[in-house]
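Enquirer: What follows is a single structure, and I will ask about it in a moment.
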Amino acid sequence: MAQSNVASRLEGTGAHALELDDVARHFGALVAFSDVSMRIAAGERRAVLGSNGAGKTTLFNAITGDFMPTAGRIRFFGEDITSMPTHERIRRGLRRTYQISQLFARMSVLNSVFLACRGVSRNRFSLLRPGLSDATMAQAELILNAVHLDAYRDTLVAALSHGQQRQLEIALALAGAPRFILFDEPAAGLSPTERHDLVAILNALPKHIGYIIIEHDLDVALRVSEYVSMMHNGRVFKEGTPAEIEADPQVQDIYLGGRHHG
Amino acid sequence: MSLVTVTRTQAGTSGILDRIGIGHIALAAALLVYPAVASEFFLVQIGAYSLIWGLIALSLMLLGGYGGMVSLSQITCAGIAAYIVAIFGTNSMNIHGFGWPWWVLVPFAVLISGLVSAAIGAISVRTEGIYTIMITLAIATAFFYFAQQNYVLFNGHSGYAGIPTPQFWGVHWRDPLPFYYLCLGVSVVAYVAVLYAAKSTFGLALQAIRDNPRRMRAIGYDVTAHKVLAYFYAGLIAGLAGVLLVWFNGRVSPGTVDVSQAIDVLVIAVIGGLLHPIGPFIGAVFVVLIQTFAIDIVGAERYNTLIGLVFLTIVFVSPDGILGLWQRLKPHLAQAPLRPSRR
Ligand SMILES: Nc1ncnc2c1ncn2[C@@H]1O[C@H](COP(=O)(O)OP(=O)(O)OP(=O)(O)O)[C@@H](O)[C@H]1O
Ligand SMILES: [Mg+2]
């Protein structure tokens, strides 16, 4: 699987989920990241690693349109989305989670996921209340099962624990037939058990769904990705398979700080 | 799965009464028999008038409470509906007065009010908080001066008078009893519609946009479109109120839409509370009562001082208005009889 993805990337012939060409984002004089070019095949699972402030989250913001890129070009399944509003990108199958949970504190868990399902459907302006037998509600309940939140469907989001809120973040990204997901440090602040569950959820995703995951925990990252991009000071400085990255002396110097053995 | 079954059974057996709520049933009964105990003055000048102002404030509650958008131009939308009734219907000024029948006139006036509100929304939704208040206040003020200076359409300072309330089904709708029930009927329809829609996809989305617009974009919502549509619906409600208002007064002039009226809508909504669509009606009764009897208590010219003090007190004691006060008291009241009596 990993092999074929890498091959198609090298040849540049396969259907790419995401193509970034020299993308950059500046905040005034500050360069959050620059000259980032990536080719990610459909269904590919990529990890982005890098130290604090490397520009990983800002890269996600540029891809989703939360903050527009200041330079470069972004294509999503062949379509130029560089200056498209966020909701249009989402309706084309792009999803994301946030490093700091962005949820609806006063809403129930089920309604949150229900809204996420409706956001990409034509019924998003419906003035009718969803019934118990509503197909979208059933879809939302399936997603809650998948992230192990089914017991909390009627709980207010504000009453969830940190770990449960992180799971809800993922549920919102899974709603409505995504094709490609950006996970921003989904494991941050999770207990070992919760991390284990997270890895299981990611590995259980349908094969056609590709993703990029930002992850500080190398062990998690290497277990859920087939290719790794390393960022430092706003640039991608190394790409390779998990094994290559782990063995790379430069990576060990900058990112691992000698923490890991070779 | 068992959870779902239980909920379904409960909804089936305890039925409609529980869904509507005991409070609503008591309130409906009280409002229906109110004419039996109220004098003509209390029926129309207090009852119907409060319902009309409650409707205008309800349109603000929809925007402010569910959407987090405080608009001061809802009175402008109501005023535009009122002017349309005068211009396209009948008036005694010999200006325009195309004599459209009420069943064309009313939907037309309400629709235009909705569209104007949507346009105001489109201008102001990119602003937030205090800036929304400023820009909508500017629009309300601009319309007031425009209506005052434009004679071709709005007949300037004097506006329109002699606007009749229609008679149909053998009822003269401006008679006290029919007019009260007309205002009550329209208010109930608008209130129930808002209450129902609050839990529809659109209503939930609007509240979610209020709480986290960024996340809403990231799950596929066009936040601007949703907000503008909310303004449209709010404009429909304000338009209905405008029609009732012009029938109530029999006239409309720039004074109907001046800044003090715009502020009154906000005062009513805030005093009543923006938590629930009943708030605006509570606030309206409160303010109309003060308006009517302030003259007896403090004299006509001190009315604004009095309403200002009441406003400050309520906002200071309970930021969520009378409704918030009630919600804080309710648990205590409910618990009181359960407490063991102490010697
Ligand atoms: N909205 C913003 N305005 C100004 N500067 C910003 C903004 N967002 C990010 N930055 C800056 O851009 C740089 C990259 O930040 P970013 O959040 O992308 O890093 P990161 O790799 O996600 O780090 P972390 O691992 O801590 O999450 C930082 O120097 C940060 O201060
Ligand atoms: Mg980050």
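Enquirer: Taking only complete DSSP H runs, can you tell me which helices of chain A stretch 15 Å or more along their own long axis by Cα positions and average at least 1.0 on the Kyte-Doolittle scale?
Expert: none
Enquirer: Further question on the same structure: Mean-square fluctuation check for chain A, GNM, Cα pairs under 10 Å: which of A:164, A:99, A:250 is largest?
Expert: Largest GNM mean-square fluctuation: A:250.
Enquirer: Whenever you get a sec, compute what percent of the accessible area on chain B sits on carbon and sulfur atoms (1.4 Å probe).
Expert: Answer for chain B is 69 percent, counting heavy atoms of protein chains only.
Enquirer: Follow-up. If the reach is capped at under 12 angstrom between alpha carbons, list the aspartates and glutamates near residue A:56, excluding any in the same chain fewer than eight residues apart.
Expert: The reachable aspartates and glutamates, counting only those whose Cα sits under 12 Å from residue A:56, are A:184, A:185, A:215.
Enquirer: Sticking with this one: Project the alpha carbons of the range B:164-224 onto their principal axes and report the range along each, largest first, in whole Å.
Expert: The principal-axis extents, from largest down, are 55, 19, 16 Å.
Enquirer: How much mean residue ellipticity at 222 nm does chain A get from its helices, if each DSSP H run of length 4 or more adds -39500 (n - 2.57) and you divide by all residues, to the nearest 500 deg cm²/dmol?
Expert: Details: 9 runs with 85 residues, N = 262.
Result for chain A: -9500 deg cm²/dmol, rounded to the nearest 500.
Enquirer: May I pose another question? Report the charge-dipole magnitude of the protein assembly as shown in Debye, nearest 20, computed about the Cα centre from +1 at each Lys and Arg Cβ and -1 at each Asp and Glu Cβ.
Expert: 860
Enquirer: Right, here's the next one. For chain B, what is the convex hull volume of its Cα atoms per residue in Å³?
Expert: Numbers: hull volume 68.7 nm³, N = 343.
With only Cα atoms used, chain B gives 200 Å³ per residue.
Enquirer: Would you list the membrane-span-like helices of chain B, meaning whole DSSP H runs whose alpha-carbon atoms span at least 24 Å along their axis and whose mean Kyte-Doolittle value is at least 0.0?
Expert: Once both thresholds are applied, what remains is B:2-20, B:102-124, B:130-149, B:176-197, B:223-249, B:279-298.
Enquirer: Might you tell me the accessible area per residue for chain B, computed with a 1.4 Å probe and given in Å²?
Expert: Per residue, chain B has 48 Å² of solvent-accessible surface.
Enquirer: Please report, in whole Å, how far the alpha carbons of the protein assembly as shown spread along each principal axis, starting with the longest.
Expert: 91, 72, 44
Enquirer: Let me know the charge dipole size of the range A:158-262 about its Cα centre in debye, to the nearest 20, where only the beta-carbon of Lys, Arg (+1) and Asp, Glu (-1) is charged. Display every interim value, and only then the final one.
Expert: Numbers: 8 positive and 14 negative charges, 50 e Å.
It works out to roughly 240 debye.
Enquirer: How far apart, in nanometres, would the label points at residue B:126 and residue B:142 be if each is projected 7 angstrom from Cα along the Cα-to-Cβ direction?
Expert: 1.4
Enquirer: Pick out, in residue order, every one of the chymotrypsin sites (Phe, Trp or Tyr not before Pro) in the range B:167-219 that is DSSP loop and has at most 14 other C-beta atoms within 10 Å; say none if there are none.
Expert: B:169
Enquirer: Same structure again: Residues of the range A:113-128 that become at least 10 Å² less accessible with every protein chain present than in their own chain isolated, using 1.4 Å: which are they?
Expert: Relative to the lone chain, where solvent access is computed with a 1.4 Å probe, the range A:113-128 loses at least 10 Å² at A:114, A:115, A:116, A:118, A:119, A:124, A:125, A:126, A:127, A:128.
Enquirer: Counting only heavy atoms of protein chains, what accessible area per residue, in Å², does the range A:104-177 have with a probe of 1.4 Å? Before the final figure, lay out each step's value.
Expert: On the way: 3150 Å² over 74 residues.
With all protein chains present, the range A:104-177 gives 43 Å² per residue.
Enquirer: Please identify, among A:50, A:189, A:119, the residue showing maximal mean-square fluctuation in a Gaussian network model of chain A using a 10 angstrom Cα cutoff.
Expert: Of the options given, A:189 has the highest mean-square fluctuation.
Enquirer: Please report the accessible area of residue A:127 (heavy atoms, 1.4 Å probe, ligands and nucleic acids excluded) in Å², nearest 10.
Expert: 70
Enquirer: How big a patch of accessible area, both sides summed and in Å² to the nearest 100, lies buried between B and A at a 1.4 Å probe? The partial results should precede the final answer.
Expert: Working: alone 17880 and 12410 Å², together 27310 Å².
Buried area (both sides, nearest 100 Å²): 3000 Å².
Enquirer: Take residue B:29 and residue B:304, extend 7 Å from each Cα along the Cα→Cβ direction, and tell me the distance between the two endpoints in nm.
Expert: In this crude spin-label approximation the distance works out to 4.4 nm.
Enquirer: How much of residue B:251 can a 1.4 Å solvent probe reach, expressed as accessible area in Å² and rounded to 10?
Expert: Its heavy atoms expose roughly 100 Å² to the probe.
Enquirer: For chain A, with all protein chains present and a 1.4 Å probe, just round the carbon and sulfur fraction of the accessible area to a whole percent.
Expert: Roughly 53 percent of what the probe reaches on chain A is carbon or sulfur.
Enquirer: Using a 10 angstrom cutoff on alpha carbons, build the Gaussian network for chain B and name the most mobile of B:80, B:52, B:307.
Expert: B:307
Enquirer: Something else: Taking the Cα centroid of the range B:147-175 and of the range A:46-85, what is the distance between the two, rounded to the nearest whole Å?
Expert: 58
Enquirer: Name the residues of the range A:46-92 whose accessible area, probed at 1.4 Å, falls by at least 30 Å² once all protein chains are in place instead of their chain on its own?
Expert: In the range A:46-92, residues shielded by partner chains: A:86, A:87, A:90.
Enquirer: Could I ask something else about it? May I ask which residue of B:236, B:265, B:247 lies farthest towards the positive end of the charge dipole of the range B:176-300, with charges of +1 (Lys, Arg) and -1 (Asp, Glu) on Cβ and the Cα centre as origin?
Expert: B:236
The values are calculated or read from the model by the stated rules, or taken from the named source; none is laboratory data. Just so it is clear, the model here is predicted, and its values are computed rather than measured. All Cβ positions, glycine included, derive from the backbone under ideal geometry; neighbour counts span all protein chains shown. Areas reflect the complete protein model, heavy atoms only, side chains present, ligands, DNA and RNA absent. Shrake-Rupley method; radii C 1.70, N 1.55, O 1.52, S 1.80 Å.
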